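Here it is, the structure in full.
The values are calculated or read from the model by the stated rules, or taken from the named source; none is laboratory data. Remember, predicted model here, so these are calculated numbers, not experimental data. Please note: Cβ atoms are built from the backbone with ideal geometry, for glycine as well, and neighbour counts cover all protein chains shown. Side chains included, ligands, DNA and RNA excluded: accessible areas come from the protein's heavy atoms. Shrake-Rupley method; radii C 1.70, N 1.55, O 1.52, S 1.80 Å.
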Amino acid sequence: MKQYLKYLFPILIPGIILSLPLSWFPIENITLAEQRIIAIFVLAALCWVLEPIPIYATSVLIIVLELLFVSDKGLWFTQQASPDLGILLSHKDIMATFASPIIMLFLGGFFLAMAATKYRLDVNLARVLLKPFGQQPKYVMLGLMMITAVFSMFMSNTATTAMMLAILTPVLAVFAKDDLGKVGFALAIPVAANVGGIGTPIGTPPNAIALKYLVGDKLITFGEWMAFGVPFVIVLLAVSWFILSRLFPADTDNIELTIKGRFLKTPQAIIVYCTFTLTILLWLMGGIHGMNAYVVALIPVAVFSVTKIITKEDLKKISWDVLWLVSGGIALGLGLEKTGLAANAVAAIPFGDFSPLVIIGGASVLCLLMANFMSHTATANLLMPIVAALGLSMHSLLPYGGQVALILCVTFAASLGMSLPISTPPNALAHASGHINTKQMAKVGASIGVIGLLMTFAMVYLLTVIGFI
Amino acid sequence: METINIICVDDQREVLSAVVRDLAPLADYFNIEECESAAECEELMDELDADGEHIALVISDHVMPLKTGVQLLTEIADDSRFKEVKKILLTGLATHADTIKAVNQAHIDHYLEKAWDGQELLQISKQLLTEYIVSQGLDYESRLAVLDAPTLYKLIQ
């Protein structure tokens, strides 16, 4: 019975919501369209938490259900005129979430990462960058963490973790059986990958989802994000390194990482190096050249397609599931916003009575908790539209940075959930190495999560003080 | 979760049981089948394939009446339905010529000599199953507990 519940709940509960009379909802003047969006939202939340279907499938389901039931070209009975009908969404807007600028930004990131892996830029960079760190375990760990973090700013956290663990595996094999250092090293990689993702807008999907809501005068450019994201990553990485090397000191006094290979010097490899550098530079320059980050992201897509660096076959290997997962989140946000539900629901709850600090703290802690048990992206998909609406309507938040402060805290919190093997794919991969037990991971992950959240508050406070947000 | 099968073939009942015993740690995640002859294995593979189930690994003895292990594995290698199936030859009595055939024609993934070490058989099986799962695009996250982590790291970069 228990195993069927995860299928039953996502069908039953939204079904009940749909069948309730409008007057039962504690929101004034609620419309049918809003009621349907509530049902879709609850369905999405249940599916992302219980995972009866893959998380990207939930996203596709959101988009299709919105098209069928809340769009101007939906099923006939959903469009029947009624005083309670409310605002239906444009079907074109819903479909456009598949090609939203945010998705294009990620596509550009995927192309860069794929080309870098294909021409072994990643492994070769790792080899060169690791050299200066010598052979003392403590410093080798620092080197590994820094490189993992830098890579995960531009590549997927999972791919970076797999690559670095592959480099680390032969070293861990020669550690003595009861050497705690093994635990430290095996944990250092996923921690650094999770933390590193915070550094850039394309580092991890929650960041991109946040960007979706940071528009108009609240715009944060690629360079601006890195200006506060990278220092944050550096400090948190240093703290993590301190914790890991204290808790799990290595008994061996010499570690030798051997990474074989040489930098490729073929014309195509050189195109990859140049395009990679150029794209990042253009991103960092902000608006000087007139292009925004989304437009810049499509440059590597064109260059690598034209030069056949990314071929037809490579194209099939793109993580479409990640792109769809984010699209679904955008569509959910669109539904909440355009039907007016987000604003109405926020108005129905007397948030004005709460202290703004309680709101920021509460939302961030909730996000951190959720991110420990479910996908970071799904967490951001669910929370971000609500948080954005809340931030917009709460004027008492303004002295503390307003909507931007709230969004940034929640976004960073989403990346800090890393205390369990199920929290993130990098954690699962590291746990599979067999060197870490769940308790050790929980101890390290929970401390870094809490410290990271406190640091986020401090950072947002600083940004407010200097008048950035 | 899709059913993924491991098929063990040996004409000696007690050897077959020993192989299955060594693979017991995998039993929660994979379906382990036992066959006492090549013909039985072929019939079973036919059936499993028709049911849409995955066959990840065949572990076969060589010296068997009617059809040898190398013959069986060669036929599996030549069958387009089973081109991805991983193959282990487990034998103590193969001649030099048989061994050459096993490599060149049956394209076996591993050759293990009797009497084998149970831990080694389990470890090799884990590696081959990991390769199969990644190459087939099956969900590896739910089976992490019994896959070979280093192999996985190399394959999913």
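How many of the residues in the stretch B:64-84 are farther than 15 Å from B:GLN105 by Cβ and either open to solvent by less than 60 Å² (accessible area, probe 1.4 Å) or without any contact (Cβ under 8 Å) to a residue 40 or more places away in the chain (or both)?
First pass over the stretch B:64-84, keeping only residues farther than 15 Å from B:GLN105 by Cβ: B:64-66, B:80-81, B:84.
Checking the rest, the ones that are also either open to solvent by less than 60 Å² (accessible area, probe 1.4 Å) or without any contact (Cβ under 8 Å) to a residue 40 or more places away in the chain (or both) come to B:64, B:66, B:80-81.
Residues meeting the conditions: 4.
Further, regarding this structure: Residues of the stretch A:50-59 being surrounded by fewer than 22 Cβ atoms within 10 Å (Cβ to Cβ), among the β-branched types (Val, Ile, Thr) and part of a helix (DSSP H, G or I), which ones? Before you say what the answer is, go through the steps one by one.
Step one: filter the stretch A:50-59 for residues surrounded by fewer than 22 Cβ atoms within 10 Å (Cβ to Cβ), giving A:50-57.
Subsequent filtering for residues that are among the β-branched types (Val, Ile, Thr) retains A:53, A:55.
Residue satisfying the conditions is A:ILE55 alone.
This table checks each residue for (1) closer than 25 Å to A:ILE94 by Cα; (2) at pLDDT 90 or above; (3) surrounded by 17 or more Cβ atoms within 10 Å (Cβ to Cβ); (4) in contact with a Cys (Cβ under 7 Å, 6 or more places away or on another chain).
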position: A:LEU8; (1), (2), (3), (4): no, yes, no, no
position: A:ILE11; (1), (2), (3), (4): yes, yes, no, no
position: A:LEU18; (1), (2), (3), (4): yes, yes, no, no
position: A:SER23; (1), (2), (3), (4): no, no, no, no
position: A:ILE27; (1), (2), (3), (4): yes, no, yes, no
position: A:GLU34; (1), (2), (3), (4): yes, yes, yes, no
position: A:ILE37; (1), (2), (3), (4): yes, yes, yes, no
position: A:TRP48; (1), (2), (3), (4): yes, yes, yes, no
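Quick one: how many residues across the stretch A:173-191 are open to solvent by 10 Å² or more (accessible area, probe 1.4 Å), within 14 Å of another protein chain (Cβ to nearest Cβ) and either under 14 Å from A:ASN437 (Cα atoms) or under 30 Å from the mean Cα position of the chain (by Cα) (or both)?
Residues that pass the stated criteria total 1.
Here is a follow-up. Sort through A:VAL306, A:VAL365, A:VAL301, A:VAL295 and tell me the only one that's among the aliphatic types (A, V, I, L, M), closer than 23 Å to A:ALA413 by Cβ and open to solvent by 20 Å² or more (accessible area, probe 1.4 Å). If you could, list the steps in order and put the result at the bottom.
Values: A:VAL306 fails: closer than 23 Å to A:ALA413 by Cβ; A:VAL301 fails: closer than 23 Å to A:ALA413 by Cβ; A:VAL295 fails: closer than 23 Å to A:ALA413 by Cβ.
Just a single option satisfies the conditions, and that option is A:VAL365.
What number goes with the only condition from (1) at pLDDT below 95; (2) away from chain A (no Cβ under 14 Å) that B:ASP109 does not pass?
So the condition that B:ASP109 fails would be (1).
Given the criteria in contact with a Lys or Arg (Cβ under 7 Å, 6 or more places away or on another chain) and surrounded by fewer than 24 Cβ atoms within 10 Å (Cβ to Cβ), does A:PHE242 qualify? Before the answer, list the steps.
Working: in contact with a Lys or Arg (Cβ under 7 Å, 6 or more places away or on another chain): no; surrounded by fewer than 24 Cβ atoms within 10 Å (Cβ to Cβ): yes.
Against the criterion (in contact with a Lys or Arg (Cβ under 7 Å, 6 or more places away or on another chain) and surrounded by fewer than 24 Cβ atoms within 10 Å (Cβ to Cβ)), A:PHE242 does not qualify.
Is it the case that the stretch B:63-80 has a residue that's under 22 Å from B:ALA18 (Cβ atoms) and in contact with a Gly (Cβ under 7 Å, 6 or more places away or on another chain)?
No, the stretch B:63-80 contains no residue that is under 22 Å from B:ALA18 (Cβ atoms) and in contact with a Gly (Cβ under 7 Å, 6 or more places away or on another chain).
Here is a further query. B:LEU90 passes all but one of (1) in contact (Cβ under 8 Å) with a residue 60 or more places away in the chain; (2) within 14 Å of another protein chain (Cβ to nearest Cβ); which number fails?
All conditions pass for B:LEU90, except number (2).
Out of all the residues in the stretch A:374-388, is one or more within 14 Å of another protein chain (Cβ to nearest Cβ) and not hydrophobic (A, V, I, L, M, F, W, C)? First the steps, then the outcome.
Narrowing the stretch A:374-388 to residues within 14 Å of another protein chain (Cβ to nearest Cβ): A:374-375.
Keeping just the survivors that are not hydrophobic (A, V, I, L, M, F, W, C) gives A:375.
Among the residues of the stretch A:374-388, at least one is within 14 Å of another protein chain (Cβ to nearest Cβ) and not hydrophobic (A, V, I, L, M, F, W, C), which makes the answer yes.
If I filter the stretch A:96-114 for residues that are within 14 Å of chain B (Cβ to nearest Cβ), surrounded by fewer than 23 Cβ atoms within 10 Å (Cβ to Cβ) and free of Cβ contacts under 8 Å to residues at least 40 places away in the same chain, do I get at least one hit?
Checked the stretch A:96-114: no residue is within 14 Å of chain B (Cβ to nearest Cβ), surrounded by fewer than 23 Cβ atoms within 10 Å (Cβ to Cβ) and free of Cβ contacts under 8 Å to residues at least 40 places away in the same chain.
Something else now. Determine the pairs where a residue that is within 9 Å of A:LEU105 (Cβ to Cβ), located within the stretch A:285-300, has a partner that is open to solvent by less than 70 Å² (accessible area, probe 1.4 Å) and in a loop (DSSP other than H, G, I, E, B) with Cβ atoms under 8 Å apart, the partner being 6 or more residues away or on another chain.
Sorted first by the residue in the stretch A:285-300, then by its partner, the pairs are A:ALA293/A:PRO201; A:ALA293/A:THR221; A:ALA297/A:ILE202.
A follow-up question, please. Just wondering, is there one or more residues in the stretch B:35-50 that are under 30 Å from A:PRO426 (Cβ atoms), part of a strand (DSSP E or B) and either open to solvent by less than 70 Å² (accessible area, probe 1.4 Å) or of a type in the set (Asp, Glu) (or both)?
no
Taking A:ILE62 as the residue in question, decide whether it is open to solvent by less than 50 Å² (accessible area, probe 1.4 Å) and of a type in the set (Val, Ile, Thr). Please lay out each step first, then the result.
Working: open to solvent by less than 50 Å² (accessible area, probe 1.4 Å): yes; of a type in the set (Val, Ile, Thr): yes.
Yes: the conditions hold for A:ILE62.
When the stretch B:124-141 is examined, which residues are found to be under 13 Å from B:LEU26 (Cα atoms) and either within 12 Å of chain A (Cβ to nearest Cβ) or not in a helix (DSSP H, G or I) (or both)? Full working, then the answer.
Going residue by residue through the stretch B:124-141, those that are under 13 Å from B:LEU26 (Cα atoms) are B:124-130.
Selection gives B:LYS126, B:THR130.
Let me ask something else. Just need a number here: residues in the stretch A:61-95 that are in contact (Cβ under 8 Å) with a residue 40 or more places away in the chain, in a helix (DSSP H, G or I) and not hydrophobic (A, V, I, L, M, F, W, C).
Residues that pass the stated criteria total 3.
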